[in-house]
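S.K.: Provided herewith is a single structure, encoded as structure tokens, for subsequent inquiry.
The values are calculated or read from the model by the stated rules, or taken from the named source; none is laboratory data. Here the structure is a predicted model, which means the values were calculated and not measured. Glycine gets a Cβ as well: all are built from the backbone with ideal geometry, and neighbour counts include every protein chain shown.
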Amino acid sequence: MITGKLDTGKLFNGITLHSTVETIPGADAATERTQPDSYVLDLRLQARVPLPNKTIEELAKVSPQLPVLLPGLASMLSADPVSPLYAQLYDAKVRMLRENLARLDLLLSRHNFFDCQTVLQLQHPQIHRKALLLQADMDVDADGSDGDRMPVGTGAPTNFKPFTSYKWPKKTSASNPYLAPTEEKLKRAEDESALRTVTPDRKRELCNAIPHWRAEVRRSKKYSFLSGTTDP
């Protein structure tokens, strides 16, 4: 919940914000008040999708010691070494931007949008073994929750996930601190989905979201997870 006076130019991490107010003559106020297009905020996010690094020289601009650490790397690069995974990654990022455009607090930051330099397909010229090379920014994963050890949440940010891949059956009856918020999201989605006024597009979104929230509720009740704030 954001309260108090807000400088929107400083809200979005690394996103350059340009804003203007345009006015045009209209009808009388009572008429304009009923027209949806009389008072409109248009949102247009422009993002440059970066080109992947392909050559030893381009890789070395970001990681200068890489040619020394991997002296045979140049011989493992083909004429077009970029993996399709690179395009898939940025397609997913763009899809997230489109899905969250109306929720500016959920938009990827500049740092997180431009966090991957390249994904390259490598093959050794003699033994023909294959590998992937990812050149990317590395972040600390602080996800995870365990109601048995930590019954109180940490006030996690919006991109926090209470689950990690490593899990085990709960050992006590203590509730996961993130169970109640997840159940609340599930109930809101189910209630909205039941409305007769919901649009078909929104109905599809909710039909995709409801099984996701139900699965998270089940996992929260059944398992504990590694926690980035506690486990090394």
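S.K.: How many residues does segment 43-86 hold that are within 23 Å of the chain's Cα centre (by Cα) and charged (D, E, K, R)?
M.R.: Residues in segment 43-86 being within 23 Å of the chain's Cα centre (by Cα) and charged (D, E, K, R): 2 in total.
S.K.: Also, I was wondering about something else. Can you tell me which residue within segment 160-179, out of those that are exposed (fewer than 13 other Cβ atoms within 10 Å of the Cβ) and out of contact with any Leu (no Cβ under 8 Å at 6 or more places or on another chain), is modelled with the lowest pLDDT?
M.R.: Out of the qualifying residues, it is Ser165.
Conditions (1) farther than 20 Å from Ala136 by Cα; (2) in a loop (DSSP other than H, G, I, E, B), marked per residue:
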{"position": "Ala27", "(1), (2)": "yes, yes"}
{"position": "Leu45", "(1), (2)": "yes, yes"}
{"position": "Val49", "(1), (2)": "no, yes"}
{"position": "Asn53", "(1), (2)": "no, yes"}
{"position": "Ala79", "(1), (2)": "yes, no"}
{"position": "Leu89", "(1), (2)": "no, no"}
{"position": "Val94", "(1), (2)": "no, no"}
{"position": "Arg98", "(1), (2)": "yes, no"}
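S.K.: Then there's this: Restricting to segment 189-212, name every residue that is within 17 Å of Glu99 (Cβ to Cβ), assigned to a helix (DSSP H, G or I) and polar (S, T, N, Q).
M.R.: Matches in segment 189-212: Asn208 only.
S.K.: So which residues in segment 1-26 are among the hydrophobic types (A, V, I, L, M, F, W, C), exposed (fewer than 10 other Cβ atoms within 10 Å of the Cβ) and modelled with pLDDT of 80 or more?
M.R.: Val21, Ile24 - these are the residues of segment 1-26 that are among the hydrophobic types (A, V, I, L, M, F, W, C), exposed (fewer than 10 other Cβ atoms within 10 Å of the Cβ) and modelled with pLDDT of 80 or more.
S.K.: Among the listed residues Leu89, Leu85, Leu45, Leu97, which satisfies the condition of being surrounded by 10 or more Cβ atoms within 10 Å (Cβ to Cβ), farther than 19 Å from Ala131 by Cβ and either at pLDDT 95 or above or not assigned by TED's automatic domain parsing to the domain that holds Lys130 (or both)?
M.R.: Selected residue: Leu45, the only one of Leu89, Leu85, Leu45, Leu97 that is surrounded by 10 or more Cβ atoms within 10 Å (Cβ to Cβ), farther than 19 Å from Ala131 by Cβ and either at pLDDT 95 or above or not assigned by TED's automatic domain parsing to the domain that holds Lys130 (or both).
S.K.: For the condition closer than 23 Å to Asp139 by Cβ and without any contact (Cβ under 8 Å) to a residue 60 or more places away in the chain, what is the one hit in Phe160, Phe225?
M.R.: Being closer than 23 Å to Asp139 by Cβ and without any contact (Cβ under 8 Å) to a residue 60 or more places away in the chain holds for just one of Phe160, Phe225, which is Phe160.
S.K.: Pairs, please: C-beta under 6 Å, at least 6 apart or cross-chain, first residue within 28 Å of Gln121 (Cβ to Cβ) and in segment 134-146, second among the hydroxyl-bearing types (Ser, Thr, Tyr)?
M.R.: So the pair list comes out as Gln135/Thr118.
S.K.: Quick check on segment 80-92. Is at least one of its residues touching a helix residue (DSSP H, G or I) at 6+ places or on another chain (Cβ under 8 Å) and either more than 14 Å from Pro50 (Cα to Cα) or not aliphatic (A, V, I, L, M) (or both)?
M.R.: Within segment 80-92, not a single residue is touching a helix residue (DSSP H, G or I) at 6+ places or on another chain (Cβ under 8 Å) and either more than 14 Å from Pro50 (Cα to Cα) or not aliphatic (A, V, I, L, M) (or both).
S.K.: Just give me the residues in segment 117-132 being surrounded by 13 or more Cβ atoms within 10 Å (Cβ to Cβ) and over 22 Å from the mean Cα position of the chain (by Cα), in sequence order.
M.R.: Answer for segment 117-132, where residues must be surrounded by 13 or more Cβ atoms within 10 Å (Cβ to Cβ) and over 22 Å from the mean Cα position of the chain (by Cα): Leu120, Gln121, Leu122, Gln123.
S.K.: Let me ask something else about it. Could you please find all residues in segment 65-77 being loosely packed, with under 15 Cβ neighbours inside 10 Å and not in a helix (DSSP H, G or I)?
M.R.: Across segment 65-77, the qualifying residues are Gln65, Pro71, Gly72.
S.K.: Filter segment 119-147 down to the residues that are under 29 Å from Gly228 (Cβ atoms) and of a type outside the set (A, V, I, L, M, F, W, C) and list them by number.
M.R.: Gln135, Asp137, Asp139, Asp141, Asp143, Gly144, Ser145, Asp146, Gly147
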